[in-house]
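Below you'll find the structure, written out as structure tokens, and then a few comments.
The values are calculated or read from the model by the stated rules, or taken from the named source; none is laboratory data. The structure displayed is predicted, hence computed values, not measured ones. Reconstructed Cβ throughout: ideal geometry from the backbone, glycine too, with neighbour counts over all protein chains shown.
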Amino acid sequence: MRLRTLGAAGAAGLATFLLVFVIVSEALLPYIEFSVLVGVPAGLVAGALIATVVLVQSSQDDGRTRRPLALALGTFGVTFLVGFVVALGGLQAGVAISIAGAAVLGILSGLVAAVRARREPP
């Protein structure tokens with residue numbers, strides 16, 4: 001297994017954890033006082049699941065064909081994390097705006113990567 005594959009799986013898992021954690025915590029905030037205690041396990045499960053999908057899909061790669069799902073999830077994760085750090089640290093945007101902007105940017109880049117992987121000849 002290559003370092004690039006592990007990095008993509010880690011980035012996809014971390015990005016998914018952050019998104020699910022924030023969404024679940026904020027959605028349950030009016031109903032549960034400590035909604036973070038529900039958001040953290042939900043984010044951990046979702047992040048581990050996505051990282052596993054990327055690792056399994058990439059391990060089936062035989063060098064001639066690219067796996068669009070693994071490539072899309074990995075690209076989403078890396079783009080989301082870079083966009084989040086730039087928006088939060090560099091542009092001094094708020095957390096909600098940083099997450100929303102990074103999520104949109106990550107989804108678009110993941111879709112582009114998946115479409116390009118499907119159109120490439122084997």
Would you check if LEU108 is in a helix (DSSP H, G or I), modelled with pLDDT of 85 or more and either in contact with an Asp or Glu (Cβ under 8 Å, 6 or more places away or on another chain) or surrounded by fewer than 14 Cβ atoms within 10 Å (Cβ to Cβ) (or both)? yes
Regarding segment 96-103, can at least one residue be identified that is without any contact (Cβ under 8 Å) to a residue 12 or more places away in the chain and small (Gly, Ala, Ser)? yes
